[in-house]
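Some notes on the structure that comes next.
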Amino acid sequence: MTDAKIVELESDSSTRSILACPLQISVIDPDGRLWPQLQSELQSSQLQLRRLSEQEALPKPGRQVLLLVDHPMISMVYDELERRSAQSPPVIVVGDPSHTALMRRSMRLGAVDFLPFEYQPAELWSALTRVADKLAASARLAPVTVVVNGKPGSGASFICANLGYALSQTDDDDKVLLVDANLHYGSLADYLNVHDKQGSLASGMLRATEMDAMALSGMVSPARERLDVLPSLPPSLTEHYVPTAKSCSQLMYLLRSQYQQVVVDLSRGPESWNLPVLECADHVLVVMQQSLSALRETMYLLKRLRHELGIPKGRIILLINRYDKRKDLTLKKIEQTTEITHILTLLNDFTLAENCTDLGKLVVEIEKKHKLVKVFEDIVDEIKPQDAAAVTKPGLLKRWFGQG
């Protein structure tokens, strides 16, 4: 099959592949020949589009892509890119294919692709996909665990705080970030007794396209050793801030590049702006209580996760909070109804949970040997990838007798 035929088939498809990481595209198009078309085509929560003049400073490498629409006025831009060489962002050139000098210059620049002025949208998206794949392969992104209530008030924030701490106590010194994604009534910082809130999720999304690692460090709040929190600060009633999936996607990529584990408290469930969080989640921990009303609402959530968002059930863990084996609603019935086979339980100790909430302390800080501490450690074992070498390491007798 020819490349032209592949492009034709791709252009007929109404769906586009998800990029491996968000991108910021800087377009230099002096006479605006393609700018309106690009604004229409590149509508994606993973893309941030801006137009530069030929006199403005070129973007630095990172999540940046430079798209050049050929014009006599941008000859100096080509010269600058050749001088900068390795310090330049990925470049896509749009021009006249019969212009052989431009083609050769694009090759010297190491351009990702050269597209004709009358390119097909699928051709441009294919080039952006290759850039995103390369950037994602070179970046080590932290796994994401999302904790969500099957029914409001099931205990997601309490579990999120204690799970984040348990992850931070593993042997490999991972630094963990807790994200409170309840924009209006977030309480995750209170569970950790964090009063000095340096920033918030909302302010992080507002500045997502301009933030770097240094700016992020001034926005998160330290909660415990190797455990930070990005809290939620409710906006003023007079403010009209509307979060977007685009800003959420950009911020999540930055967070994952700076931490080894990210745990998101998504108590209120899926909303249009937070869908990128669920898209990148390695595990979705759905918290429900042991009642028929909780099961009904949890079923509605699971249908949305699996059928609307396409999250496979293998990535979903069902956590039964305040579990009581004497109740009629057994684990077997819950499994048969939800079709989720990965089910964990958290024993009922309302008094302890209330004390933790009132004092801003974790379970392990109040009662180190409590059964709940072991449960959170078990959850860590479930969601954290194991070292294959450690799993297959031969036993002592085998090493002695040379049979390893």
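The values are calculated or read from the model by the stated rules, or taken from the named source; none is laboratory data. Here the structure is a predicted model, which means the values were calculated and not measured. Backbone-built Cβ (ideal geometry, glycine too); neighbour counts: all protein chains shown.
The set of residues in the range 158-204 being farther than 18 Å from Glu365 by Cβ, outside any loop (DSSP other than H, G, I, E, B) and not aliphatic (A, V, I, L, M) consists of Asp180, Ser203, Gly204. Filtered by the rule that a residue be more than 13 Å from Val147 (Cα to Cα) and touching a helix residue (DSSP H, G or I) at 6+ places or on another chain (Cβ under 8 Å), the range 260-273 gives Gln261, Ser272, Trp273. Taken together, Leu318, Leu344 contain a single residue that is under 21 Å from Glu382 (Cβ atoms), surrounded by 15 or more Cβ atoms within 10 Å (Cβ to Cβ), modelled with pLDDT under 95 and touching a helix residue (DSSP H, G or I) at 6+ places or on another chain (Cβ under 7 Å), which is Leu344.
If you check Thr337, Thr357 for being modelled with pLDDT of 90 or more, surrounded by 14 or more Cβ atoms within 10 Å (Cβ to Cβ), of a type outside the set (D, E, K, R) and assigned to a helix (DSSP H, G or I), only one passes: Thr337.
Yes or no: the range 56-71 includes at least one residue that is basic (Lys, Arg) and within 22 Å of Met107 (Cα to Cα). There is at least one residue in the range 56-71 that is basic (Lys, Arg) and within 22 Å of Met107 (Cα to Cα). The residues listed here are Val176, Val147; of these, the one that is under 19 Å from Tyr259 (Cα atoms) and touching an Asp or Glu at 6+ places or on another chain (Cβ under 7 Å) is Val147.
The residues of the range 186-220 that are closer than 23 Å to Ala353 by Cα and either surrounded by 16 or more Cβ atoms within 10 Å (Cβ to Cβ) or of a type in the set (Ser, Thr, Tyr) (or both), listed by number, are Gly186, Ser187, Leu188, Ala189, Asp190, Tyr191, Leu192, Val194. Considered as a group, the residues in the range 102-136 that are in contact (Cβ under 8 Å) with a residue 60 or more places away in the chain and in a loop (DSSP other than H, G, I, E, B) include one that is surrounded by the most Cβ atoms within 10 Å (Cβ to Cβ), and that residue is Gln120. Per the conditions (1) surrounded by 19 or more Cβ atoms within 10 Å (Cβ to Cβ); (2) of a type outside the set (A, V, I, L, M, F, W, C); (3) more than 18 Å from Gly95 (Cβ to Cβ), the sole criterion not satisfied by Glu56 is (1).
Count of the range 221-252 residues, restricted to those that are crowded, with 21+ Cβ neighbours inside 10 Å and either outside any loop (DSSP other than H, G, I, E, B) or not hydroxyl-bearing (Ser, Thr, Tyr) (or both), is 13.
Selection of the range 310-354 for residues being without any contact (Cβ under 8 Å) to a residue 12 or more places away in the chain and within 12 Å of His283 (Cβ to Cβ) yields only Pro312.
Restricting attention to the range 111-148 and to residues that are at pLDDT 90 or above and of a type in the set (Gly, Ala, Ser), the residue that is farthest from Asn162 (Cα to Cα) turns out to be Ala111.
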